[in-house]
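The values are calculated or read from the model by the stated rules, or taken from the named source; none is laboratory data. Worth saying up front: this structure is predicted, and the values here are computed from it rather than measured. In this analysis, Cβ positions are derived from the backbone assuming ideal geometry, glycine residues included, and neighbour counts consider all displayed protein chains.
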Amino acid sequence: MLMGRKPVVGVFLANSITIIERTIRDDPELAPLLEQRLGMVEQWRKKAKALYTEACKDVSMHLFDVIHTSRSARPSSGHAATIDSASIMKGLSSKDKESIKTKFTAFNNSFDEMVARHKSFSMEREVRQMFARDMQQMLEPLYVRFWDRYHEVDKGKGKYVKYDKVAIAATFSSLY
């Protein structure tokens with residue numbers, strides 16, 4: 001119950017901060033008096049971001065993999081160009097493959113829920129962009145890494161791997 005409230009509180013704080021900043025900057029009488037105090041507002045913006053992006057932490061938990069392998073068969077953690085998902089998948093046990101499938105499914109469900117919730121909130125334009133950018137910076141690199149390593153788990157059928165790199169980037173772009 002409390003987890004559902006934190007993003008709402010984050011949106012409320014960020015909207016309030018944005019409106020206060022805009023009011024101070026746009027009012028010729030208030031600007032000289034309060035402009036030096038806008039720095040205090042930054043701590044509240046950080047609090048709003050932390051509250052809102054806490055949901056990203058829950059989504060990102062599905063993208064962490066702990067696969068125990070022998071040293072010789074250990075998947076590399078190098079750049080995307082050196083990662084071969086098919087060879088990584090061949091080296092995994094059926095239990096590990098099921099775990100990867102479960103992680104993709106859980107990610108898809110929680111990510112879709114987070115996207116729907118983000119789109120449902122009434123936010124100032126600047127706030128929507130700020131939160132979308134924060135979510136993208138937190139989740140996209142993790143997903144791309146996970147996708148590079150394990151996308152062959154459903155052999156291109158789309159049953160478990162709902163998003164490829166282009167689709168996840170497009171989804172994040174739609175949040176702005």
I'm told Val166 meets every condition in (1) part of a helix (DSSP H, G or I); (2) among the β-branched types (Val, Ile, Thr); (3) touching a residue at least 24 places away in the same chain (Cβ under 8 Å) except one. Can you identify the failing condition by its number? (3)
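Conditions (1) free of Cβ contacts under 8 Å to residues at least 40 places away in the same chain; (2) among the hydrophobic types (A, V, I, L, M, F, W, C); (3) in contact with a Pro (Cβ under 9 Å, 6 or more places away or on another chain); (4) surrounded by 12 or more Cβ atoms within 10 Å (Cβ to Cβ), marked per residue:
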position	(1), (2), (3), (4)
Ser16	yes, no, no, yes
Pro28	yes, no, no, no
Leu33	yes, yes, no, no
Gly39	yes, no, no, no
Gln43	yes, no, no, no
Thr53	no, no, yes, yes
Looking only at segment 94-112, count every residue that is among the acidic types (Asp, Glu) and surrounded by fewer than 16 Cβ atoms within 10 Å (Cβ to Cβ) and tell me the total. 2
Taking the criterion of being on the phi > 0 side of the Ramachandran plot and at pLDDT below 95, would at least one residue in segment 145-156 satisfy it? yes
Could you check how many residues of segment 116-141 are surrounded by fewer than 17 Cβ atoms within 10 Å (Cβ to Cβ) and either of a type in the set (A, V, I, L, M) or in a helix (DSSP H, G or I) (or both)? 13
